[in-house]
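Trainee: Handing you a structure now.
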């Protein structure tokens with residue numbers, strides 16, 4: 001991507017992004033519907049949902065958001081108990097997910113939580129406000145990391161708002177090869193970021 005390229009992203013998660021809900025008949029690799037969580041290295045946490053109590057574990061192999069080394073990370077997630085469990089890491093690319101044993105119930109695997117951004121500059125954004133006042137925040141390396149942007153959004157008296165940031169925009173990372181940022185929105189119906 002050249003320096004002049006601008007791309008847009010609207011956070012969107014799906015409980016069945018990687019695998020539709022169905023039983024898994026034995027241990028081994030799970031065929032995935034998708035590998036990349038989104039365009040340009042963005043990502044989410046991996047969610048695993050079951051309608052029964054699962055004793056199997058799930059091993060995720062993928063590339064974490066912001067990892068400029070493109071090294072695969074391996075993470076083991078305990079099976080859910082009639083609920084949804086999520087990975088600790090935000091993944092831009094999921095190479096494989098394996099299960100240690102057959103599932104007890106139907107399993108779906110998808111994306112969950114806040115959008116994680118790789119090294120980029122946020123040049124502007126568009127949002128639709130909710131009935132109450134809210135915020136749009138970017139934090140370094142997780143929702144409780146160093147604050148990169150904190151914008152208060154008014155109540156729906158202003159239904160929609162465009163904002164273009166001055167100069168080079170807001171850099172979503174610092175200097176570490178594994179830095180990323182997490183977008184958190186509160187009381188905002190929809191937001192689209194323009195990055196480049």
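We did not get these values from a lab; they are worked out from the coordinates using the rules stated. Bear in mind that the values here come from a model prediction, so they are computed numbers and not experimental data. Positions of Cβ are backbone-derived with ideal geometry, glycine not excepted, and every protein chain shown enters the neighbour counts.
Trainee: Given R₀ = 22 Å, FRET efficiency for residue 72-residue 100 by Cβ-Cβ distance, to 0.05? Numbers along the way, then the final one.
Mentor: On the way: r = 19 Å, r/R0 = 0.86.
So, using R0 = 22 Å, E works out to roughly 0.70.
Trainee: Using the Kirkwood formula on the Cα atoms of the range 43-115, what hydrodynamic radius do you get, in angstrom to one decimal?
Mentor: Values: mean 1/r = 0.0810 Å⁻¹.
Result for the range 43-115, one decimal place: 12.3 Å.
Trainee: Report, largest value first, the span of the C-alpha coordinates of the chain along each principal axis, in whole Å.
Mentor: 54, 40, 26
Trainee: What is the order of 9, 30, fewest Cβ neighbours within 10 Å to most?
Mentor: Values: 9 20, 30 17.
Final ranking by Cβ density, sparse to dense: 30, 9.
Trainee: Multiplying the sequence separation of residue 35 and residue 156 by 0.36 nm and subtracting their Cα-Cα distance, what value in nm do you get?
Mentor: Values: separation 121, 0.36 × 121 = 43.56 nm, distance 3.71 nm.
So the extension gain works out to 39.8 nm.
Trainee: At a Förster radius of 35 Å, what calculated FRET efficiency corresponds to the Cβ-Cβ distance of residue 14 and residue 176, to the nearest 0.05? Display every interim value, and only then the final one.
Mentor: Working: r = 30 Å, r/R0 = 0.85.
Once the sixth-power term is evaluated, E becomes 0.75.
Trainee: On to the next question. So what is the relative contact order of the chain, in percent, for Cα pairs below 8 Å that sit 6 or more residues apart?
Mentor: Numbers: 556 pairs, mean separation 53.9, N = 196.
So the answer I get is 28 percent.
Trainee: What percent of all Cα-Cα pairs in the range 121-195 falls in each 5 Å bin, counting up from 0?
Mentor: Cα pair-distance distribution for the range 121-195, in percent: 4, 16, 26, 23, 17, 9, 3, 1, 0.
Trainee: Here's another thing I want to ask about it. Using a 7 Å offset from the Cα along the Cα-to-Cβ direction at both residue 25 and residue 146, what is the distance between the two label points in nm, to one decimal?
Mentor: Placing both labels 7 Å beyond Cα along the Cβ direction yields 5.2 nm.
Trainee: Within 10 Å, count the other beta carbons around each residue, average over each peptide in 39-48, 130-139, and list them highest first.
Mentor: On the way: 39-48: 22.4, 130-139: 17.0.
By packing density, highest mean first, the sequence is 39-48, 130-139.
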